[in-house]
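**Student:** Before anything else, here's the structure in question.
The values are calculated or read from the model by the stated rules, or taken from the named source; none is laboratory data. Remember, it's a predicted structure, so these values are computed and weren't measured experimentally. All Cβ positions, glycine included, derive from the backbone under ideal geometry; neighbour counts span all protein chains shown.
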C-alpha cells in the first residue's frame with residue numbers, strides 16, 4: 001500500500017491573491033512540471049490556489065525533496081485519500097500519526113471540513129469522532145485547540161476524504177520568473193551560485209554569464225562553471241549560460257602599468273560586456289555574488305567606481321550576508337562541493353600584490369581611455385560569446401557527451 | 001582442475017578483463033596531467049570512484065584506491081595511530097585477524113603503541129562484550145574483520161562498531177571486509193564503520209587493486225607520500241585501467257550479493273553434509289558461517305598432505321589462509337579458538353565461487369571421499 005496518495009503544495013497568500021494570481025499559479029505549475037520531468041509518471045493538478053501532485057507509480061517520499069525546490073511554495077503536505085466514511089478516515093489518520101513516530105508529548109487538534117453535505121456528520125460532530133480514537137491509541141497526543149503542534153486536517157468530498165497532518169516547509173519566495181529576468185555574473189566561486197539561487201527563489205528568471213580566459217584559465221575551470229550552472233538548472237528547470245572569451249580584454253589591461261587597478265578595470269569591463277548581453281537577452285538587471293568588504297573589489301569605494309560602468313541596476317542578494325552563512329547556503333543548495341574545486345577563474349589571474357580598495361574614478365576613466373582598442377575588444381568579446389542551455393536532469397546528458405569526446409565508454413563501468 | 005580456493009583469489013570476470021584491456025589500449029594518460037589525455041584518465045578514475053562508492057553505499061570522496069587489501073589494512077591501522085596528537089596509543093583487535101592487520105599492530109609496538117588482541121570463542125566468533133571490555137580511555141582504533149578468512153566465521157562487526165561508537169564516537173572503527181564484501185550485506189553507515197577494506201581480486205576483479213573506505217572526517221596519516229594523489233592519503237600514479245576494471249567488479253559483486261548469498265548457502269549446506277559423513281574429518285562450525293567457506297580439520301595429518309592429495313585428484317583448496325599456507329606452523333586462528341595441535345595443523349578450507357553448481361560440489365565430494373579413503377588408513381597406522 002502507498003503511504004501517501006497526493007502531495008499538496010501551498011503558496012503564500014501574497015503570491016496567490018489579486019490580479020497576478022493566474023500568472024503566479026501558471027508559473028508555479030510550470031516550475032513543478034519542470035522539476036518533475038525526471039518522474040514522468042507523476043501528475044500535476046491545479047485546484048483552488050493549491051497544486052496537487054499525484055505521484056503515480058513514483059514514490060511520494062522521493063518527490064518531497066524535489067518539490068521543496070518549488071519557488072513560491074510556502075509548505076507542502078503529504079495527503080492520504082480515502083473513501084468518505086468515518087472508519088476509513090480514522091484509519092488513515094491513525095496511519096499518518098503512526099508514520100510520524102512520535103517521541104514525546106505532542107499537542108494536536110483535528111480540523112474537519114465537510115464539503116460533501118451527504119456525509120452523515122457535520123464538521124462540528126466529526127471532530128471528536130475522529131480525535132477520540134486517536135487519543136486512545138496514541139497516549140503521547142494531547143489536545144490543544146489554540147496552538148497545536150499537529151493539526152490533523154480532514155477534508156470530506158463526495159469521492160474522497162483527504163487526510164493530512166504533516167507540514168513540510170517549502171523554499172518560499174516567488175514563483176519562478178514572475179519578477180522578470182536578470183543576468184547573473186557567475187564565477188567559479190562560492191558566492192555567485194548562491195546569489196543565483198537567491199535570485200531564482202525571489203521569482204527571477206536567471207541567465208548566467210561567465211568570463212573565460214583560456215589558456216590562462218583551464219578547460220576544467222570552464223567545466224566547473226558549467227557544472228555550477230547545471231546545479232542552478234536543477235532548481236530552475238532551465239538555465240542559459242553565456243561564456244565570454246575574456247583573454248584579449250584582460251591582457252590588454254596588463255600592459256597599462258596600473259597593476260593595483262587591474263581588478264577594478266577587469267570588473268568594469270565585465271559589467272560592460274554583461275550589459276550588452278543583458279540587453280540582447282532582455283534582462284533588466286545584473287546579479288552578482290558580491291558581499292560587502294569581502295575582497296578589495298567589494299569595498300564600498302570599489303563598488304561605487306565599478307558599478308558606474310553599467311546603467312543597469314546591480315542586484316546583490318548577498319551584499320550584507322556573512323561568509324559563514326553563504327557557505328551554509330551553498331552546502332544546502334549543493335554548489336559548495338563544485339565551487340571549492342581548485343581551478344582558477346579569470347579573477348584570480350593577474351591579481352596584483354596590493355589591489356586597491358579605494359580606486360579613483362578619474363584615474364580609472366583615464367586608464368580606460370588610454371587602453372588601446374578597449375571598446376573594440378569589449379565588442380568582440382560580447383560577439384564571441386558562446387551560449388549553452390542547461391536543463392534539469394541534464395548533467396547525465398552532458399556527461400555522456402564529454403565522455404564521447406574523451407573516449408570513455410559507459411559499458412566499462 | 002576444480003578451483004575451490006576462491007577465498008584466496010577468484011578468476012577475473014570476463015567483462016572485467018575486456019574493460020581493462022580496452023582502457024589500457026585507449027588511455028595512457030596520467031590522471032594528474034592537465035592535458036586532454038590526463039583529463040580523460042582523471043575522469044575514468046573519478047567515475048570508478050563513484051561506482052565503488054555506490055557499491056558500498058557511501059560518498060565518492062570517501063573512497064581511497066590502494067594496491068589491495070593488505071595496503072588498505074596497513075593504511076587503516078597505521079594511519080589511524082601514527083601522527084596523533086591526542087595521546088591515544090591503544091588498539092583493540094582480535095587474535096583472528098588477517099596478518100596485514102595483526103602485523104601492522106605488531107610493527108606499531110616500536111612506536112609505543114599497544115594492542116589488545118581479543119581471543120575468539122571456541123566456534124571462531126569474537127564476542128562483542130569482550131571487545132568492548134578491552135576498550136580503554138586511550139583507545140584510538142577498534143579493528144575487527146567481517147568474515148574470518150580461514151574458518152568462514154562471520155564476526156559481529158556491525159554490532160561491535162555500533163557499540164564502540166556509542167561508547168565514544170571518537171574511536172575509529174575499522175572492518176576488514178575482504179571476505180564479506182559481495183557475499184554478505186553490511187550497511188557501513190548504519191553500523192558507524194569509519195574504515196572498511198576491500199580487495200578486487202576476491203570478487204572477480206584484478207589483483208593489485210583494493211580500496212579503503214575512509215569516512216568523511218576520519219583523519220589518517222598517509223603511509224605513501226609524494227604527489228598527493230587520492231586526497232593526499234596515497235601518493236603514486238593511479239593504476240587507471242585496473243581501477244576501472246575493479247570498479248566494475250565491485251559493482252557486479254554488490255548488485256549480485258543477495259542472489260549469490262542464497263545460491264552459495266545452498267551449495268555450502270550440501271558440501272557440509274558431505275564433510276560430516278566422514279568420521280575422520282572434524283567440521284569447523286561457526287555460529288554464523290559465511291556462505292562461501294567450508295572448513296574442517298583432519299587430525300593426525302598435515303594440511304599439506306591433504307591439500308596435495310586433493311590436488312592430485314584435480315581439486316585446488318587451501319590450508320589455513322593462502323598467505324600463510326606455506327608454513328607448517330599450526331594455524332594461528334585455530335590455536336586461538338583453543339584447538340589442539342593435531343587439529344591446528346590439519347585444517348583445510350574449501351571456498352566457493354560464482355561459477356560453482358551442484359555438479360562441482362558432486363565432483364568435489366567424490367575427490368574428498370577418495371582423499372579420506374586414501375589417507376585415513378595412514379593416519380590410523382600412525383596412532
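**Student:** Filter the stretch A:41-87 for residues that are over 17 Å from residue A:29 (Cα atoms), surrounded by 16 or more Cβ atoms within 10 Å (Cβ to Cβ) and at pLDDT 90 or above and give the result.
**Tutor:** A:78, A:79, A:80, A:81, A:82, A:84, A:86
**Student:** Please state which one of B:140, B:157, B:200 is touching a helix residue (DSSP H, G or I) at 6+ places or on another chain (Cβ under 8 Å), closer than 23 Å to residue B:332 by Cβ and touching a residue at least 12 places away in the same chain (Cβ under 8 Å). So that I can check it myself, show each step before the final result.
**Tutor:** On the way: B:140 fails: closer than 23 Å to residue B:332 by Cβ; B:200 fails: closer than 23 Å to residue B:332 by Cβ.
Going through B:140, B:157, B:200 in turn, just one is touching a helix residue (DSSP H, G or I) at 6+ places or on another chain (Cβ under 8 Å), closer than 23 Å to residue B:332 by Cβ and touching a residue at least 12 places away in the same chain (Cβ under 8 Å): B:157.
**Student:** So, restricting to helices (runs of 4 or more DSSP H) that lie completely within the stretch A:1-105, which ones have at least 3 residues that are within 21 Å of the chain's Cα centre (by Cα) and either more than 20 Å from residue A:150 (Cα to Cα) or free of Cβ contacts under 8 Å to residues at least 40 places away in the same chain (or both)?
**Tutor:** Once the helices (runs of 4 or more DSSP H) in the stretch A:1-105 are filtered for at least 3 residues that are within 21 Å of the chain's Cα centre (by Cα) and either more than 20 Å from residue A:150 (Cα to Cα) or free of Cβ contacts under 8 Å to residues at least 40 places away in the same chain (or both), what remains is A:21-35, A:60-67.
**Student:** Ok, one more. If I go through the stretch B:45-103 residue by residue, how many of them are surrounded by 19 or more Cβ atoms within 10 Å (Cβ to Cβ) and assigned to a helix (DSSP H, G or I)? Can you show your working first?
**Tutor:** The first filter runs over the stretch B:45-103 and keeps only residues surrounded by 19 or more Cβ atoms within 10 Å (Cβ to Cβ), leaving B:45, B:47-49, B:51-53, B:55-56, B:58, B:62-66, B:68-81, B:88, B:90-94, B:96-98, B:100-102.
When the remaining residues are screened for being assigned to a helix (DSSP H, G or I), the result is B:45, B:47-49, B:51-53, B:55-56, B:62, B:69-81, B:100-102.
Residues flagged as surrounded by 19 or more Cβ atoms within 10 Å (Cβ to Cβ) and assigned to a helix (DSSP H, G or I) within the stretch B:45-103 amount to 26.
**Student:** Let me ask another. Is it fair to say residue B:43 is within 11 Å of another protein chain (Cβ to nearest Cβ) and under 23 Å from residue B:197 (Cα atoms)?
**Tutor:** Criteria not met by residue B:43.
**Student:** Checking residue A:413 against (1) within 14 Å of chain B (Cβ to nearest Cβ); (2) more than 24 Å from the chain's Cα centre (by Cα); (3) at pLDDT below 90, only one condition comes out false. Which one?
**Tutor:** All conditions pass for residue A:413, except number (3).
**Student:** Of the residues that sit in the stretch B:3-14 and are out of contact with any helix residue (DSSP H, G or I) (no Cβ under 8 Å at 6 or more places or on another chain) and not in a loop (DSSP other than H, G, I, E, B), which one is nearest to the other protein chains (Cβ to nearest Cβ)?
**Tutor:** The residue in question is B:14.
**Student:** Would you check if there is a residue in the stretch B:253-272 being out of contact with any strand residue (DSSP E or B) (no Cβ under 8 Å at 6 or more places or on another chain), surrounded by fewer than 16 Cβ atoms within 10 Å (Cβ to Cβ), within 22 Å of residue B:374 (Cβ to Cβ) and more than 14 Å from chain A (Cβ to nearest Cβ)?
**Tutor:** no
**Student:** Determine the pairs where a residue that is over 16 Å from residue B:201 (Cα atoms) and at the interface with chain A (Cβ under 9 Å from one of its Cβ atoms), located within the stretch B:15-35, has a partner that is at pLDDT 90 or above and surrounded by 14 or more Cβ atoms within 10 Å (Cβ to Cβ) with Cβ atoms under 6 Å apart, the partner being 6 or more residues away or on another chain.
**Tutor:** These pairs meet every condition: B:23/B:241; B:23/B:244; B:27/B:41.
**Student:** Can you tell me which residue among B:125, B:173, B:116, B:139 is surrounded by 16 or more Cβ atoms within 10 Å (Cβ to Cβ) and closer than 26 Å to residue B:200 by Cβ?
**Tutor:** B:173
**Student:** Can you name the residue in the stretch B:46-60 that is without any contact (Cβ under 8 Å) to a residue 60 or more places away in the chain and farther than 14 Å from residue B:238 by Cβ and, of all such residues, is farthest from the other protein chains (Cβ to nearest Cβ)?
**Tutor:** B:53
**Student:** With respect to residue B:87, is the statement that it is within 16 Å of residue B:138 (Cα to Cα) and touching a residue at least 40 places away in the same chain (Cβ under 8 Å) true?
**Tutor:** yes
**Student:** Would you confirm whether or not the stretch A:164-184 contains a residue that is assigned to a helix (DSSP H, G or I) and under 30 Å from residue A:363 (Cα atoms)?
**Tutor:** no
**Student:** Do we have residue B:91 as touching a strand residue (DSSP E or B) at 6+ places or on another chain (Cβ under 7 Å) and within 18 Å of residue B:146 (Cβ to Cβ) here?
**Tutor:** Criteria met by residue B:91.
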